[in-house]
Amino acid sequence: MSLTAIRPLQRLLAAMLLVLLAACASTPGTSKDDIQTSSDITEVQRRAQIRLQLAVGYFEQGQMSTALDEVKQALQIDPSLADAYSVRALIYMEMTENKLADDNFQQAMKLAPNNPDLANNYGWFLCQTGRADKAIPYFERALANRQYSSPAKALNNAGMCSLKLKNLVEADRYLSRAFQFDPANPDVNLSLAKLNLARGDNERAQFYARRVLASERLTADALWTAIKVERRGGDRQAEAGLANQLRRRFPNSPEYAAFVRGAFDE
């Protein structure tokens, strides 16, 4: 199964896993001039990373038990591998085993407290599990790290969490900064469409929604947001066309179910 064939949440989680594996994260207590590179990795660490990459591959295929077993083997090889705990946390998150996910995130951050990707991912986990107010400091921690290579991600996540908290001013502050960093990012444009929809600025919501629709990464969430924008703007033809796409591409999605029951204001 390809990465694009899996569910939107799982696709996002898989992307987060790949970011973790690709990053050359500093170990706890290292300075800016003491970052690990591939030449510094020991044979033990290399074998553990191979197991972790296998775990991600199984995760992408929806084989959660096998993915967890590969993570377990990675930790048996190298118990200090922070990324292994983070990968396991994200797998448990997909399985809605939130207590286990939280425990593994906490362990990962104990081992790598200065890793901005871990801080961002834990903040996103908190935001998705009803603790949006506790998530913001973790995004700020990631953003404060000058080595963080993906500030738009943390800014976008902070903006969406602020939107969940109905703090539109903070949501706008974070998302405007995210757009400055990465204006072509479909996730950022989708978040800005949702923000402007929430504050009743349909013209700007339409501007951002159409930028998302022009991207290659079209999701059920993006189509459903665009449908609500066009409906509020009174363009029934555009709404119908988007609804047909949603039905054709994502017939089993929660977004299509919401469209069918007419939940335009949820």
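Read-outs: derived from the displayed coordinates by stated rules, not from any lab. Everything numeric in this text was worked out from a predicted model, so none of it was measured. Note that we place each Cβ from the backbone using ideal geometry, even for glycine, and neighbour counts take in every protein chain shown.
Taking every C-alpha pair closer than 8 Å and separated by at least 6 residues, the mean separation divided by the residue count of region 163-266 gives a relative contact order of 18 percent. Note on region 223-249 and region 121-136: Cα centroid distance 30 Å, given to the nearest whole angstrom.
Shape class for region 183-266: oblate, because the ratio a/c of the largest to smallest gyration tensor axis (alpha-carbon atoms, square roots of eigenvalues) is 1.5 or more and b/c is at least a/b.
Counting beta carbons within 10 Å around each of 109, 95, 160, 64 and listing the fewest first gives the order 95, 64, 109, 160.
Among the listed pairs 72/110; 153/228; 110/194, those with a Cα-Cα distance over 23 Å are 153/228; 110/194. Sorted fewest first by neighbouring Cβ atoms within 10 angstrom, 103, 221 come out as 103, 221. Eigen-decomposition of the gyration tensor built on the alpha-carbon atoms of region 39-198 gives equivalent ellipsoid semi-axes of 30, 17, 14 angstrom, largest listed first.
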